[in-house]
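S.K.: Sharing a structure with you now.
The values are calculated or read from the model by the stated rules, or taken from the named source; none is laboratory data. Model, not experiment: these values are computed from the prediction. A quick note on method: Cβ atoms are made from the backbone with ideal geometry, for glycine too, and the neighbour counts reach across all protein chains shown. Only protein heavy atoms, including side chains, enter the accessible area calculation; ligands, DNA and RNA are left aside. Shrake-Rupley method; radii C 1.70, N 1.55, O 1.52, S 1.80 Å.
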Amino acid sequence: MLKILSHRITIVLLAVLALITLLFSIFYRPKPATPKLLEVSPKDRSEINYFDEIRLRLDKAINQDGLVVNSIPEEEWEILVKPNSSLIVKSKKYLQVNTQYLLNITYQNSPIASLTYTVKPQQSDPRYAQEVAEEIKRDYPLAAKIPYEAPGFTVLYKSPMTFEITLKEGVEERSEIINAVRDWVKENGQDPDSHTYTFSN
Amino acid sequence: MARKLVSFAQSTYFKNNSLKGSANLYLITNHLLPGLDQQAEIVAGSRGIPLPVDNGADQEYITIQEAKSLILDYLIQIKGIDSDDQKSLLKIKSEEEFARTASILFSSKAQDPNKLLTAARMENLEAFRAKKIASATTQTKTYDPSTAYANYSKMYFEILKYANSAVVPQKLIADILPPGSSRVTEALLRKQFAAIIVSNLHRLNAAASTGSSDNIKNYQVGRELFNIIRESYPDNTDLLHIVGDEKTSQRVIDLTTSLVKETKASFSLDEYERARSLAATSLPEYLLNHTELKAEIKKSLPNLSVADQSRLADAVIKETIASSVKGSLDYDQIITLVGQKLQLDATTTLNIKHTLANRGLDVSIEYLQNQKAVQFGEYRFTQREWGLVRSGVDPTLFIRSEHKVANTEKSLLAAQSTLLATYNSKNNTAFTTLFDAYQAERNKPKDQIDVDFVIKSRRLNGDISYYQDLTPQEKAQIGRARFGRRVLDYRSRFYEAQGKIIDGWIDFEETITGKKLLHKVFDSWDEIAEKVTIPGTKIPLFRIAPWLADRWDEWKKASTLKWIADGSTRYKGWKIVADPLRPVINWSLKYYEMGNFTVNGATTAFATRQWGKFVKWGLTKVGLSDVGKYVGIQAGRATTRFLIKIGGKTLAKIGSKAIAAIATSGTIIGTIIFVGSLVLDLLSLGWNFLKKFFKDGKFRETVVGWGLAISGFFTAINIGRVFTGIFAGLGLIFGGLFALTLSSLLLAMTIIGFIWFINTSNLHSSENDARLDVNLSLDSGVGEFIGSILCDSGEGGGKNNTRIQTAACIAEILSECGINPLNAGNVKGTKWQCALASTLAQSALAELEYSASKYEVLQCVGFVSAIDAATGGSSHFTTAKYLPTIVPAGYKFAAGVGSCSPGDFFVDTTGADGHVGLFIANGGATIQCADANGGGPGVVRGPDKCQWLSSKVAGCLKKI
């Protein structure tokens, strides 16, 4: 009896063990080792240009998820994972010139690299120029066509999405002129309703 | 605007500057001498010498003869040149040679000794004096060369002490050079600045007296100081970034005034200037000349063998000449070069350096080298002459005899015997050599010495010894430079003569009766010829040959580009072959491209460039852009005026082709492309016509009968057979003009052939790089032409604004060359060669290259600097944000976007460093602009691509 029981227990124990092993093998994922930084370009503690991207090469391939880049001063960073265990890190906006940046790159909360860069000085402020360009694109989409000189009137931007029409002497047909300007806006690929039309005189 | 020829006493410049009948140093060195020098380079006629005038006023000219008289008067009255020099100047007929000789007199007699011995080296001279070494020439009771220097030195140090210690100048200097303005320590920089101002007090004072308004005075002083530092103080280029703006210039004027006032206590500014001139004049008498130096060097090293002594002495003397191509060097640098040439080790070189310096020879060696560096710069040397200089032979002694060595010897010996005979007869002696007489005179008691004789005989002995020491090989080498010199002299004289003829013709033509009718006939004919086409085609009836020529040009365009493109990709050896030739190819292609790949266009481009060089050069000096702009355009048109006058527009077309071919024939590739094509053009168009005309009686009869000779040169053979009878009626009208036209054509061909001969002859004597140097250096002044006339672009809202057109050109050229955006990488690459070969002024390209190299990508500041340079400016632009306060010279800042006009530079001071660009048009809340680095790293945005927010524009920099 004991012998039979013992045999059954052994089988059950073995089954439980097999089940545990199976469950373990299914659900257990060992925590991966932190990837190591093999190479970075431009080199740490060097001067970079305001538009430069930073290229890193690691010792193993990694997923985009779990990759985080923080910096002081703060910037919004784009991360692109490339084949051959490489990463490209680039600020969405131009970096502030003549400024030192400290970058911390982590993967699944483990630090991969801490890098310091100084952005080379310029004779103007490209970051600001970028903001101006964005503002013009957003608020004055037809700025490249302005001033628009027609035989009876001139069109200028008065404020964001608002045109100011100046009539030449003796020209009175306001509604026709607004229609003409709306046509012109349409011809230039914009929705005529996106703009407001005012007269200066 | 017509040429306003005035006498000097009636000129605005004369009235504004309260002159007393004579020109001042500023006018002479900055306007008259360079103006005369240009006479040899102007392909067509001269308008006289332009004078500085107020902004917006009519350009005024004085005659060439009056300019020469003013210079001569100044040299005689103020500088006291001796009678021999006066005579030699009076004899000179060529304007260029006169300017050159007068410039040499100025550099040796009138200019600041600091230019030859800079402030630091004056201390060397003081040390030399402390050694109590006797002067090279004798001293008498009334003449002591060292005293002249001592007098100047005393005055100089007195003013310097005042500048470095008194409250007013110190405050002004501190204002000009605020803390942190330079890498050099502040105190040192301020001292260097004070020394520069004190040394050049006279020049700055003269500049501050130029012009009627404060603006112009500020501008002149800023520019003068900028030039002084750039030319004479290479170690202080840091200061170039500081000087130049209006405020600094005003303070420099205040400083100058303060120092001049101080000098008045013990001496006047004129006395100071005279002492400086005397010091400069006496330096060569005080220090050793080549011959004496050679003897002294030999004596200095008694331990060496005689052969080695000679070798060393020769090497030092030759190095003082050869190294002059590097500019002024100091003693240490010269001896180091000698050591390298003789392959001496460092210890031996150092020993020699100390030994010669201990004997007081260092100052003479340095002076001779510096003097050569300055003197050679005054000459228009040929390539072979520069070759002589590089090999250590001084060619100046032989230039007057056009390198006929025997003639030089003859004239030296003749001068020697004349001087000796005069001396013997005066002193009742019987010396057989000049050297003996010279020694005897020096040994006389001091109060009996004839100083004039001592100086003259010493100079002559020096020249003769120099000549006699030359080896036969060196003499042969000098002889080989003869052809180039003769051609250059001949060409200079020819250009000047040509200028006079053309001027004379234009003046004469103005008086011809019936000229209106003549012009009308020419114009009508041109009109008819353009309109009438062969039925069913677009081929102009009377323009068949030019039409064919254009097709030929198009073929050349395609084939030339194909040849270059093929070569660069297909042949491995191309790089080796093409690289050394690249500058030459680029240079020639530049004109070819400028002329839209037609020979005709290239010729106009080159001719315009030549005119532009002259006019814009004057403009740069005067600093008044509006006047220059107008005059420039007038002058550009004048290139073809002469041809139009003698043969109508038809002739002008082929004439300008010839002029360009001539002008560009200085290089081998230029000859192949331009002159080669001209030969073909002439052969196919002209020769066939003439041959047929003279050989074929029927043809001749037909041509004369129809009166088609006016266009016959072009239409050549086809006319007789195809159009018989159609124009019989017209023949009556045009037939009468035939004789006149044919003779005009023949005259033109003679002129063309003659000029062509001279230029192609010169090809054999001048090597490519020398001509390239000359031609490429023209660019700084002609940017306006390049920008406004020759570039295809520039329609971006500023049809009549050269600065907008220039901005458009920069964007277009960089894009076409594949280097927009422009960065540090591509300004070193092959695509940059494309930009170099473009129509853009070299000075503008240099600004672009500098900016992109220094900041990795082209800066907005670099872009506006390039526009400024291309339109004749040379202002320094600082970081965008500070431009409203640190205003570049020649500009004024006007606040608010409302003050901006097309062509101004708008400034935005927002952000870390702000932004600057070219203002094109007001669009209300936005503006139209052109800029760089505002639309991406190094991206140049042309007029149709750049917009900015009006609310952010702080104001505009407006050209004064």
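S.K.: Going by the alpha-carbon gyration tensor, a ≥ b ≥ c the square roots of its eigenvalues, is region A:55-115 rounded (a/c under 1.5) or, if a/c is not under 1.5, prolate (a/b greater than b/c) versus oblate? Kindly include the intermediate steps, with their values, before the conclusion.
M.R.: Working: a/c = 2.10, a/b = 1.71, b/c = 1.22.
It comes out prolate by the Cα gyration axes.
S.K.: Using a Förster distance of 25 angstrom, determine the FRET efficiency expected from the C-beta separation of B:LYS264 and B:ALA174, and round it to 0.05. Walk me through the numbers on the way to the answer.
M.R.: Working: r = 24 Å, r/R0 = 0.96.
It comes out at approximately 0.55.
S.K.: Could you list the residues of region B:940-957 with an amide nitrogen less than 12 Å from a label point located 7 Å from the Cα of B:ALA894 in the Cα-to-C-beta direction?
M.R.: Under cut-off, by backbone N: B:955-957.
S.K.: Related question: Given H placed on each backbone N at 1.01 Å, which residues far from B:GLY938 in sequence or on other chains put an amide H within less than 5 Å of it?
M.R.: Placed amide hydrogens put B:LEU858, B:ASN933 under 5 Å from B:GLY938.
S.K.: Counting alpha carbon pairs within less than 8 Å and at least 6 residues apart, what relative contact order, in whole percent, applies to region A:67-153?
M.R.: Working: 103 pairs, mean separation 20.3, N = 87.
Relative contact order comes out at 23 percent.
S.K.: On to the next question. About the Cα centre, and with charges only on the beta carbon of Lys, Arg (+1) and Asp, Glu (-1), how big is the dipole of chain A? Nearest 20 debye, please. Please report the intermediate quantities before stating the final value.
M.R.: Details: 24 positive and 26 negative charges, 397 e Å.
In debye, rounded to 20, chain A gives about 1900.
S.K.: Counting only other chains, what is the mean number of Cβ atoms within 10 angstrom of the Cβ of each residue in peptide B:903-916? Please list the in-between numbers first.
M.R.: Working: counts 0, 0, 0, 0, 0, 5, 1, 5, 10, 11, 11, 5, 7, 2.
Going residue by residue through B:903-916 and averaging, the value is 4.
S.K.: Sequence-distant or interchain residues sharing an amide H contact under 5 Å with B:LEU361, placed H: which?
M.R.: Residues meeting the criterion, in which the H sits 1.01 Å from N, do not exist here.
S.K.: Amide H neighbours of B:ASP904 under 5 Å, at least 5 residues apart or on other chains, H built in the peptide plane: list them.
M.R.: Close amide H contacts, sequence-distant or interchain: B:PHE919.
S.K.: With a/c under 1.5 counting as rounded, go ahead and sort region B:873-928 into rounded, prolate or oblate using the C-alpha gyration tensor (a ≥ b ≥ c being the square roots of the eigenvalues; past the cut-off, prolate if a/b is larger than b/c, else oblate). Show your work: numbers first, answer last.
M.R.: Values: a/c = 1.99, a/b = 1.32, b/c = 1.51.
Taking the square roots of the gyration eigenvalues as a ≥ b ≥ c, region B:873-928 is oblate.
S.K.: Taking only C-alpha pairs under 8 Å that are 6+ residues apart, what is the relative contact order of region B:250-377 in percent?
M.R.: Working: 91 pairs, mean separation 35.2, N = 128.
It comes to 27 percent, rounded to a whole number.
S.K.: Right, here's the next one. Applying 1/(1 + (r/R0)^6) with R0 = 51 Å to the Cβ-Cβ distance of A:LYS186 and B:LYS854, what FRET efficiency is obtained, to the nearest 0.05? Walk me through the numbers on the way to the answer.
M.R.: Numbers: r = 46 Å, r/R0 = 0.91.
Approximately 0.65, to the nearest 0.05.
S.K.: Would you kindly derive the ³J(HN,Hα) couplings of region B:355-361 from the backbone phi angles with the Karplus curve 6.51 cos²θ - 1.76 cosθ + 1.60 (θ = phi - 60°), listing them in order in whole Hz, with x for Gly and Pro?
M.R.: 4, 5, 5, 5, 8, x, 8
S.K.: With unit charges on the beta carbons (Lys and Arg positive, Asp and Glu negative) and the dipole taken about the Cα centre of chain A, which residue among A:ILE79, A:ILE11, A:LEU95 sits farthest to the positive side?
M.R.: A:ILE11
S.K.: Further, regarding this structure: For chain A, what is the relative contact order in percent, using Cα pairs closer than 8 Å and at least 6 residues apart in sequence? Intermediate results must be reported in sequence, preceding the final value.
M.R.: Values: 279 pairs, mean separation 27.8, N = 201.
Once divided by the residue count of chain A, the mean separation gives 14 percent.
S.K.: Show me the ranking of peptides B:887-900, A:163-176 by mean Cβ neighbours inside 10 Å, starting with the highest.
M.R.: On the way: B:887-900: 18.6, A:163-176: 13.4.
Packing order, densest peptide first, comes out as B:887-900, A:163-176.
S.K.: Taking every residue in B:924-933, how many Cβ atoms of other protein chains lie within 10 Å of its Cβ, on average? Mind showing how you got there, number by number?
M.R.: Numbers: counts 15, 13, 12, 4, 5, 0, 0, 2, 1, 7.
Mean inter-chain Cβ contacts per residue within 10 Å come to 6.
S.K.: Can you flag which of A:LYS90/A:LYS186; B:LYS247/B:LYS959; B:LYS828/B:LYS952; B:LYS15/B:LYS154; A:LYS92/B:LYS831 are past 26 Å Cα-Cα? It would help to have the intermediate numbers written out before the result.
M.R.: On the way: A:LYS90/A:LYS186 37 Å; B:LYS247/B:LYS959 16 Å; B:LYS828/B:LYS952 35 Å; B:LYS15/B:LYS154 35 Å; A:LYS92/B:LYS831 30 Å.
Long pairs (Cα-Cα over 26 Å): A:LYS90/A:LYS186; B:LYS828/B:LYS952; B:LYS15/B:LYS154; A:LYS92/B:LYS831.
S.K.: Any of B:LYS91/B:LYS217; A:LYS36/A:LYS82; A:LYS43/A:LYS93 with alpha carbons more than 27 Å apart? Name them for me.
M.R.: Over 27 Å apart, Cα to Cα: B:LYS91/B:LYS217.
S.K.: Chain pair A, B: how much accessible area is buried, both chains summed, with a 1.4 Å probe, in Å² to 100? Provide the component values of the computation, followed by the final result.
M.R.: Values: alone 13720 and 40930 Å², together 52280 Å².
The buried area between A and B, both sides summed, comes to about 2400 Å².
S.K.: Hey, can you rank A:77-89, B:218-230 by average C-beta count inside 10 Å, highest first? Can you show the working numbers first?
M.R.: Details: A:77-89: 14.2, B:218-230: 23.3.
Per-residue Cβ counts within 10 Å, averaged per peptide and sorted highest first, yield B:218-230, A:77-89.
S.K.: If you count, for every residue in B:942-950, the Cβ atoms of partner chains within 10 Å of its Cβ, what is the mean?
M.R.: 4
S.K.: Same structure, new question: Which one of B:LEU397, B:ASN358, B:VAL306 is farthest out on the positive end of the charge dipole of region B:284-436, using unit charges on Cβ (Lys, Arg +1; Asp, Glu -1) and the Cα centre as origin?
M.R.: Towards the positive end, the residue furthest out is B:LEU397.
S.K.: Can you list the residues of region A:144-176 with backbone N under 19 Å from a point 7 Å past the Cα of A:ASP193, pointing along Cα to Cβ?
M.R.: Label zone hits: A:161-163.
S.K.: Right, here's the next one. Gaussian network model of chain A, Cα springs within a sub-10 Å range: biggest mean-square fluctuation belongs to which of A:LEU142, A:LEU22, A:LEU58?
M.R.: A:LEU22
S.K.: Cβ neighbours within 10 Å, averaged per peptide: list B:265-271, B:162-168 in order, most packed at the top.
M.R.: Working: B:265-271: 12.9, B:162-168: 15.3.
Order by mean packing, descending: B:162-168, B:265-271.
S.K.: Okay, moving on. What does the C-alpha gyration tensor say about the overall shape of chain A? Classify as rounded when a/c is under 1.5, otherwise prolate if a/b is larger than b/c, or oblate.
M.R.: Values: a/c = 5.88, a/b = 2.27, b/c = 2.59.
It comes out oblate by the Cα gyration axes.
S.K.: To continue, here is another question. Can you tell me the FRET efficiency between B:TYR379 and A:ARG138 if r is taken as the Cβ-Cβ distance and R0 is 56 Å, rounded to the nearest 0.05? Walk me through the intermediate numbers first.
M.R.: Values: r = 63 Å, r/R0 = 1.12.
My answer for the efficiency is 0.35.
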